[in-house]
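In what follows, a single structure is set out as C-alpha cells and then discussed.
The values are calculated or read from the model by the stated rules, or taken from the named source; none is laboratory data. The model shown is predicted, which means the values in this text are computed figures rather than measured ones. Because the Cβ atoms are built from the backbone with ideal geometry, glycine has one as well, and the counts that use them run over all protein chains shown. We work out accessible area using only protein heavy atoms, side chains counted, and drop any ligands, DNA or RNA first. Shrake-Rupley method; radii C 1.70, N 1.55, O 1.52, S 1.80 Å.
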Amino acid sequence: MNSPVIQDFSYDPFDPAVMADPLSYYRVLRDEHPVYYVPKWDVYALSRFADIWDVLARNDGTFVASEGTLPSSAVLGVHNTGPVSDPPLHPMPFHANFDSPLYEDVRRCTSGPLRPKPVTSLTDRIRRLANERLDELLPRGRFDLTQDYGGIVAATIVCELCGLPTELAADVLAAVNAGSQAQPGSGVEVANARPGYLDYLRPVVERRRAGTGDPVAIVDGLLNYRLPDGSGLSDVEAAVQMLGVFIGGTETVPKIVAHGLWELHRHRDQLAAVRADLDANVSVAREEMIRFCAPAQWFARTVRRPFTIHDTTMQPGQRLITLLGSAGRDGREYDDPDAFVWNRPIERLLAFGRGQHFCLGVHLARLEITIMVTEWLKRVPDFQVDPAAAERPPSSFQWGWSSIPVEV
Ligand code: HEM
C-alpha cells in the first residue's frame, strides 16, 4: 500500500473541527493531497471533482457499498483484510449495501413514483402545499425558513409517498432531523434502521400486506418483490428499504431552499435578476443553489478490486470516501467556486452523486426546490435573516443550515 505524504496537515472526516467547517480542509486536500489516506479508518478521501466524477462512473464491481454508503466510525474502525462480500439476504439491510443485480432490483421497487412523469404530476400538489405554508407563516412575521417552510412541504410529500397520514409531517421532519445529528468523532449511520423511523414505516407495510388501506406504490412494489432464492421481504425488511426515500426526501431539499434564498437575498443584484423572470430564471438559480448549498458531504464505498489513482493503489477491503462537498467547490471545475453566482454555467454536477447510486429523488428534489423558491419570491417582497440565530450544526454527513430564522 502506498502512503501519501502528509505534511503538517491532517484530515479526518469525524474530526470535530472538520465537521464544524470542512471547506478549508477541502481546499488543502484538493491542492495538496488529492488522494488522502486516513489510517485510523483505512479510508482514502477523494476531493477533486474530476476524480470523483470518474470513480463514481465505474459500475464494474471495483467499488461496492457493502459496508453502507454512510458508515459510522464504528464500522470504519474495524479494518478489513480483504474484499468484503455482500451481506446475507436475510435479514436484508438497506439495499444499497448489495452489488448488482440485487441492488438495482430492490431499488427499482421504490423508484416508480420518483420517475419524471409521476413526479411532474405532483406539481400542483407541491405548489398548493407551499402556498398553504405561506398562508400560515407570513402572518406570523417570524419563523424558521428551513423547518417551517421547506421542511413541512418536503415531509408532507414524503408522507404521501410512504403511505403515511400527512398530519405526521411535522413528526417525521423532527424524527429525521434528530436521527441525522452527527456526534463529533463518530458520524451517523443513517442506512441502518433507527427504531423511530421504522415505527412509522412498518405499520404501513403491515397494512398493505393485510390488503387494507389505499395502494402505496413503493410498499406494494417491495411486497411483490422476490429475491433470487424465491423468498420475499419481511415487514421490517421492506420498511428498511423505504428509509432512503424517508430520509433523503425529508432533509436535503429544505436546507437548499432556505440557504439558497438566503444567498439570493445577500446578493440583491442577483435577486433582482432572478425576479425579472421567475419562470425562466428560478430553474437556473436552482442549479447554483444545489451546487452551493447541498449539505451531504461524502459517501463511502468499499474497494473490491485493486484500484489505482494518482499513483496510489487501493486494496480490496479498504474504503474510499467521495467528498461531494469538496467537488462542488473545486476551482478546476467551476470558476470562483466559493462565490454564489445564480446563472453560472454548470455543465456537470456531483451533488446528486453519479453512477450506480445516483440520487433516486433527483426529479422530485428539483421540482420541489423550483416551486418553493418561486412561490416564496412571488409572495415575499423582502425578508430579514437573523444570522446570529441561524444554525449549521457540525456534521460529517448533512452539513447544512438546519435553522434559518427569518422575519418578513
Ligand atoms: C437536492 C436534494 C437532494 C440531494 C442533493 C440528494 C443527494 C443524493 C446523493 C449524493 C445520493 C447518492 C449517495 C451515494 O452515492 O451513495 C443520493 C441517494 C439517494 N437519494 Fe437523494 N438527494 C436529494 C433529494 C432526495 C429526495 C427528494 C429523495 C426522495 C424522495 C432522495 C432519495 C434518495 C435515495 C433513495 C438515495 C439512495 C439511492 C441508492 O443508493 O439506491 N433524495 N441522494
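In table form, for the structure just shown:
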read-out	value
All positions within segment 350-365 that are in contact with a helix residue (DSSP H, G or I) (Cβ under 6 Å, 6 or more places away or on another chain) and in a loop (DSSP other than H, G, I, E, B)	Leu350, Ala351, Phe352, Arg354, Leu360, Gly361
Candidates Glu160, Glu251, Glu237, filtered to the one that is charged (D, E, K, R) and more than 26 Å from Phe299 (Cα to Cα)	Glu160
All helices (runs of 4 or more DSSP H) inside segment 33-120 with 2 or more residues being within 11 Å of the ligand (Cβ to nearest atom) and under 19 Å from the mean Cα position of the chain (by Cα)	49-57, 102-111
Helices (runs of 4 or more DSSP H) completely within segment 243-325 that count 1 or more residues being within 13 Å of the chain's Cα centre (by Cα)	243-266, 278-293
Enumeration of residues in segment 54-73 that are among the aliphatic types (A, V, I, L, M) and open to solvent by 10 Å² or more (accessible area, probe 1.4 Å)	Leu56, Ala57
Every pair of residues 6+ apart whose Cβ atoms lie under 6 Å, when the first sits in segment 353-365 and is open to solvent by less than 50 Å² (accessible area, probe 1.4 Å) and near the ligand (Cβ under 6 Å from one of its atoms) while the second is in a helix (DSSP H, G or I) and not aromatic (Phe, Trp, Tyr)	Leu360/Ser111; Leu360/Leu114; Gly361/Leu114; Gly361/Gly248; Gly361/Gly249; Leu364/Leu114; Leu364/Val119; Ala365/Val253
Qualifying residue in segment 389-408 (condition: among the hydrophobic types (A, V, I, L, M, F, W, C), open to solvent by 50 Å² or more (accessible area, probe 1.4 Å), in contact with a helix residue (DSSP H, G or I) (Cβ under 8 Å, 6 or more places away or on another chain) and away from the ligand (no atom under 16 Å from the Cβ))	yes
Top-ranked residue of segment 326-342 - restricted to ones that are surrounded by fewer than 16 Cβ atoms within 10 Å (Cβ to Cβ) and under 23 Å from the mean Cα position of the chain (by Cα), ranked as farthest from Val282 (Cα to Cα)	Gly331
Tally, over segment 212-222, of residues that are within 18 Å of Glu237 (Cα to Cα) and in a loop (DSSP other than H, G, I, E, B)	1
